[in-house]
Amino acid sequence: MLFLTLGSTEEIAASCHFLGIGETGILLDTGADPNLEGRKSLPDIKSIAGVWDGEVDHAFITHAHQDHIGALLDIVDNYPHVSIHLTPATHDLADFVLRASARLQRRKYREGSSLQPPLFSEKDVEFARYLFTSHDYGKVFNVSTNEHPLIARFYWSGHILGSAGVHLTFDEDGHKRQLFYTSDTNLRPQTIIPGGEYPEGPVDILVLETTLGADPDAELSTRRAEERRFCNKLKEVLARGGTVLVPVFMLGRAQEILALLDRFKRQGHIDPSVPVYTAGGMREISKIYDDTRHTTPRLSADFEVYGVDQLRVPKGTAAKRQALGKPGIHVVTSGMMFEHTLSNWMAQQIVESDTHAIFLVGFAKEDSPAGRLLEAVENGEDGILLDRHVGPQPLKCDVERFRFSGHSHRRDLVDLVSRLAPKKVVLIHGETEARQWMAKNIRSRHNNVEIVLPTAGVPLEI
Ligand SMILES: [Zn+2]
Ligand SMILES: [Zn+2]
């Protein structure tokens, strides 16, 4: 089988992997790099043609995060006959997320905050929808282009609504082989959704994510303890009259945090009258979470994100500033506080006050504003650059980091390798250090497992 990674392999960027199985060309995810704009954010699709004569017949979209779906329209442009497979919830989310992205790109280009012309329009998204086929978890379907069956099946991956791992069974040189692609996965339950489910094993090839592979703290803290700490810190800031900014990814982390705040209020830890503000696309996505609560894996199908008391972040700048000046909790995007986003702007307003706080609850790349903020706090620096146009600002507010990741910590991932007993493990979706830690620790437990560390653009026979 031919395996070719098309996105960057040194960091968490575009997730996009090509598989050539027999005569069938398959893509596992079609992500774009969320840190970049325009064509630079896209995986190198053209490199497929250098190693593969055939078509890309099928693309599996494991979930609707930008780093797994953002390049879908570019794939459709290059391979207009591709069949796109996803779960029903990812279908709904994809439609919303891609349209929102088209609008955002258009707006930024028009305003001049981005020099990159939009990569696609809402019309393009409309067209791509005809290529979508949804499959429920556990249902098998054949994606072969010849008489040899190539059977696919989605497994619930415990990451966000609609997320899935992909299991493929096929014949190669007279042998039956199995591949499992974890995509982003979480073995443990979060606040709304339960932990992931996996094939029985053994599988031949495991394509494994490694997001938290270089994060020793993630495995030391339990979710319960983090929730308690989060609650106590919130109480502390609110009691002194401060406001708390919680930057989140609009898909997944936002809904999980709202569910948690709802629980704190119900249990009487936080005064129910403290306002919780939300804004933008996350509100639409919360609706999709609620619409699918009886048909997708949940810890409780009764819980509705829209049942959580929330106010819309006010429109004008003055009204926003006024809301920030009073005790309240602002759950807004972007999670990494990229420039020209609401969370970045709000951070600029509160960072110079020691009454307020910023609570980071998700993954933050080192070179993102959220990553820089964490680093500044760690190094005891007294200034922070949130926006290059504004320049450095004094850093006085409280900054805390909480581990509510939608990803499994690295020890759980090593356990998953033991469970699935693969002959080969292909390590992807992690920074170099993360992939190296995983490689070392898988090797020390299973010295007969072959470890593959792919490099973008370099084809491998696996
Ligand atoms: Zn994800
Ligand atoms: Zn991802």
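Here are a few things to note about the model shown:
- Taken along the Cα-to-beta-carbon direction at a fixed 7 Å, the label points for L104 and E450 span 4.0 nm.
- Here is the list for the stretch 1-90: chymotrypsin sites (Phe, Trp or Tyr not before Pro) lying in DSSP coil, each with at most 16 other C-beta atoms within 10 angstrom of its C-beta, are W52.
- Projected label points at H148 and T432, each 7 Å from Cα along the beta carbon direction, are separated by 3.7 nanometres.
- Gap separating the Cα centres of the stretch 326-389 and the stretch 248-275, nearest whole Å: 19
- Listed by Cβ neighbour count within 10 Å, with the fewest neighbours leading, Y289, Y109, Y306, Y198 appear as Y306, Y109, Y198, Y289.
- Simple Cβ-charge dipole of the stretch 63-111, Lys/Arg +1 and Asp/Glu -1, about Cα centre, in debye nearest 20: 340
- Distance from the stretch 1-73 to the stretch 88-164 (C-alpha centre basis), Å: 13
- Global form of the stretch 167-310, assessed from the alpha-carbon gyration tensor, a/c cut-off 1.5: prolate
- Quotient of Cα Rg and 2.2 N^0.38 Å for the chain, N being how many residues it contains: 0.97
- Sequentially through the stretch 294-308, phi angles give Karplus couplings (6.51, -1.76, 1.60; θ = phi - 60°) of 8, 10, 10, x, 9, 6, 9, 6, 6, 5, 10, 4, 6, x, 7 Hz, Gly and Pro residues having no value and appearing as x.
- Residue pairs exceeding 25 angstrom between C-alpha atoms, taken from K40/K108; K235/K320; K365/K440; K265/K320; K108/K233; K235/K326: K108/K233.
- Unit charges at the beta carbon, dipole of the chain: most positive-side option, A279, V331, L234: L234
- Placing unit charges on each Cβ (+1 for Lys and Arg, -1 for Asp and Glu) gives the chain a dipole about its Cα centre, and among N186, T9, S221 the Cα reaching farthest toward its positive end belongs to S221.
- Calculated on alpha-carbon atoms, Rg and Dmax of the stretch 1-132 in Å: 14.2, 48
- Within the chain: Cβ-based charge dipole about Cα centre, in debye rounded to nearest 20 (Lys, Arg +1; Asp, Glu -1): 1500
- The order of D290, D67, D387, going from fewest to most other C-beta atoms within 10 Å of their C-beta, is D290, D387, D67.
- Sorted largest first, the spans of the alpha carbon positions of the stretch 357-420 along the three principal axes are 50, 21, 18 Å.
- Spin-label model, S83/D309: points 7 Å from Cα along the beta carbon direction are separated by 5.0 nm.
- Ordering S353, S113 from the fewest to the most neighbouring beta carbons within 10 Å gives S113, S353.
- Length-normalised contact order for the chain - Cα pairs under 8 Å, 6+ apart - percent: 17
Bear in mind that the values in this text are calculations on the coordinates, not laboratory data. Everything numeric in this text was worked out from a predicted model, so none of it was measured. All Cβ positions, even for glycine, are placed from backbone atoms using ideal geometry, and neighbour counts span all protein chains on display.
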